[in-house]
Amino acid sequence: MDSESKKSAVSDVGAWAMNVISSVGIIMANKQLMSSNGYAFCFATTLTGFHFAVTALVGLVSNATGLSVSKHVPMWELLWFSVVANMSITGMNFSLMLNSVGFYQISKLSMIPVVCILEWILHNKQYSREVKSSVLLVVIGVGVCTVTDVKVNAKGFICACIAVLSTSLQQITIGSLQKKYSIGSFELLSRTAPIQALSLLVVGPFVDYCLNGKFITTYKMSTGAILFVILSCSLAVFCNFSQYLCIGRFSAVSFQVLGHMKTVCVLTLGWLLFDSELTFKNIMGMIIAVAGMVVYSWAVEAEKSASAKAIPPMKNSLTEEEIRLLKEGVQSAPVKDVELGESKG
């Protein structure tokens, strides 16, 4: 049992490390690709379509070579999930365009309580006082280090609400589908990625035109831009896979809480690589957020331990005496006619 729990813990850490590294890497790659000082590729929604197209291709190759198995999930559930996921992507892009950076960050922070409320409504999930306190600590910490000016307008507020609700619902649905159909992270991703890729590549250019007034056909691709698009798409495969993997292993709430570690990493790397300003307020916020994450991890483990103690241990094997009594019982028991309910012989 100890070796199994250690292997599980190592797998959990590996899945989480993959998500953090790939997410931070893709943010850094996209920053270089999209910034005016980089390659000014300002087509975020279409780029996300490229991400899912490459992910779908990897899934297709994996299924064809037998590395993974395609499991059945009803098409209506895949379509429902894809609509919610695409609303999340589009909503986030519009929210960032219409709102100030401060309000955008606040809307992202609100995902944690929204996920908690949705899980309570949909799955009747309860949270301990320690978990609630640690979540609040994480929200405060990330808020301190990221939120600056806060300006709200009606359109931006509506887009932010749609983005938060759809993103929260998407992350809960990932975990629900995996449990409902006993499907692995990569298998589920390979089923949803083609639908998302097709819809985003069709709708994406028009969404990007609404965001920046330019069609992707007017962009002049350079060798450097192509290389960074390839890098972004490659990292997206790991990012998408690890997201499904983490939510399948943990929960949507845990994914959101620990996900703010990426915010801390992005701020730190931005300071190291892009000469971004790192103030005392940023540092204090990061310390509070990390402390909240540590407390959250402790609270979740405490809940698991309490649940394990509440369930009586089951026997893994029978004693010789129990086996003997069981055999005697089988031999002496009358054989019944299943249909008639009468004893034979």
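The values are calculated or read from the model by the stated rules, or taken from the named source; none is laboratory data. If you're wondering where the values come from, they're calculated on a predicted model, not measured in any experiment. Note: ideal-geometry Cβ built from the backbone for every residue, glycine included; neighbour counts use all protein chains shown. The protein model used for the area step is the full one, side chains on, heavy atoms only, and it has no ligands, DNA or RNA in it. Shrake-Rupley method; radii C 1.70, N 1.55, O 1.52, S 1.80 Å.
Quick look at the values:
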| read-out | value |
| --- | --- |
| Whichever residue in segment 147-156 is modelled with pLDDT of 75 or more and surrounded by fewer than 15 Cβ atoms within 10 Å (Cβ to Cβ) and, among such residues, is nearest to Q105 (Cα to Cα) | N153 |
| Filter result for I216 (touching a Pro at 6+ places or on another chain (Cβ under 7 Å), surrounded by 15 or more Cβ atoms within 10 Å (Cβ to Cβ) and either among the β-branched types (V, I, T) or at pLDDT 85 or above (or both)) | yes |
| Options R249, R191; residue that is of a type in the set (K, R), under 22 Å from I121 (Cα atoms) and in contact (Cβ under 8 Å) with a residue 60 or more places away in the chain | R249 |
| Selected residue (only one of V115, V144, V131, V139 is part of a helix (DSSP H, G or I) and either in contact with a Lys or Arg (Cβ under 6 Å, 6 or more places away or on another chain) or surrounded by fewer than 20 Cβ atoms within 10 Å (Cβ to Cβ) (or both)) | V144 |
| Residue that is surrounded by the fewest Cβ atoms within 10 Å (Cβ to Cβ) [pool: residues in segment 224-251 that are within 23 Å of T173 (Cα to Cα) and β-branched (V, I, T)] | V237 |
| Segment 36-52, residues that are within 21 Å of the chain's Cα centre (by Cα) and open to solvent by 40 Å² or more (accessible area, probe 1.4 Å) | F50 |
| Candidate set: segment 54-81, residues that are β-branched (V, I, T) and in a loop (DSSP other than H, G, I, E, B); chosen: the one modelled with the lowest pLDDT | V69 |
| Top-ranked residue in segment 94-112 [being open to solvent by less than 30 Å² (accessible area, probe 1.4 Å) and assigned to a helix (DSSP H, G or I); ranked as farthest from T167 (Cα to Cα)] | G102 |
